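Below is one structure; the comments refer to it alone.
The values are calculated or read from the model by the stated rules, or taken from the named source; none is laboratory data. What you see is a predicted model, and the numbers here were worked out from it, not measured in a lab. Please note: Cβ atoms are built from the backbone with ideal geometry, for glycine as well, and neighbour counts cover all protein chains shown.
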Amino acid sequence: MCKRLKEYISSPKFTDLSPHQQYDALLLSHLAATQSISDPPYAVDAPQAKTFLSLLAIANEGLKDLDVLLPTPSPPPALMQELYNRFGNNNFSIHSHLNTIGHGVFPLASRLFNHSCVPNAAAKFVFSAAEMPTMQVVALRDIKVNEEVKHRRKLSDVLTDDPHFL
């Protein structure tokens, strides 16, 4: 796949996608590639697949429009659709200095925090050369005991919907 990546990201199908769709396509391509090297390939009980498939899914027909770079041999189409169905609920924009630099799936955050247009918390990302990015959830105001912690998943939502949020 690495040899085909440069051609893939310069293809018209990929460049016509919105930036967030491009991040989704790259993230899903990476997930497919990691699944292709599990033993056996595309085993739904492999640790990463098992974690990802345990997340809440939504019906998402957008996979047809998303040009994904698939490894050889390709994963079963039904598995790719199942993985993609989890992106809508569990995909976070990773940002640095108000710029989206990628997307990531953070299973624990997906399970513990809900999206809201009026959040009481925000995601902060910590970057290290030696580790994957980590997410910290920071309270934006005092949160009462038993109050649900809510945040926005995409920084673009914050910037376009509520410019006073930051």
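A few comments on the model shown:
- Residue pairs whose Cβ atoms lie under 7 Å apart, sitting 6 or more positions apart in sequence or on different chains, and linking a residue in segment 108-137 that is among the aromatic types (Phe, Trp, Tyr) to a partner that is in a loop (DSSP other than H, G, I, E, B), are Phe113/Val149.
- Checking segment 44-61 against the condition returns no match, with no residue being without any contact (Cβ under 8 Å) to a residue 60 or more places away in the chain, under 28 Å from Phe127 (Cα atoms), part of a loop (DSSP other than H, G, I, E, B) and among the charged types (D, E, K, R).
- Any hit, segment 25-34, residues being part of a loop (DSSP other than H, G, I, E, B), farther than 30 Å from Asp142 by Cβ and either in the same structural domain as Arg152 (by TED's automatic domain parsing) or within 16 Å of the chain's Cα centre (by Cα) (or both): no
- Among (1) farther than 24 Å from Pro12 by Cβ; (2) outside any strand (DSSP E or B) - the single one Ser74 does not satisfy: (1)
- Of everything in segment 77-114 that is hydrophobic (A, V, I, L, M, F, W, C), part of a strand (DSSP E or B) and farther than 15 Å from Leu53 by Cα, the residue that is farthest from the chain's Cα centre (by Cα) is Ile101.
- Out of Val68, Val118, Val126, one residue alone is touching a Ser or Thr at 6+ places or on another chain (Cβ under 7 Å), assigned by TED's automatic domain parsing to the domain that holds Asn146 and hydrophobic (A, V, I, L, M, F, W, C). It is Val126.
- Selection from segment 9-21 of residues that are surrounded by fewer than 18 Cβ atoms within 10 Å (Cβ to Cβ) and either among the basic types (Lys, Arg) or not in a loop (DSSP other than H, G, I, E, B) (or both): Ile9, Pro12, Lys13, Thr15, Pro19, His20, Gln21
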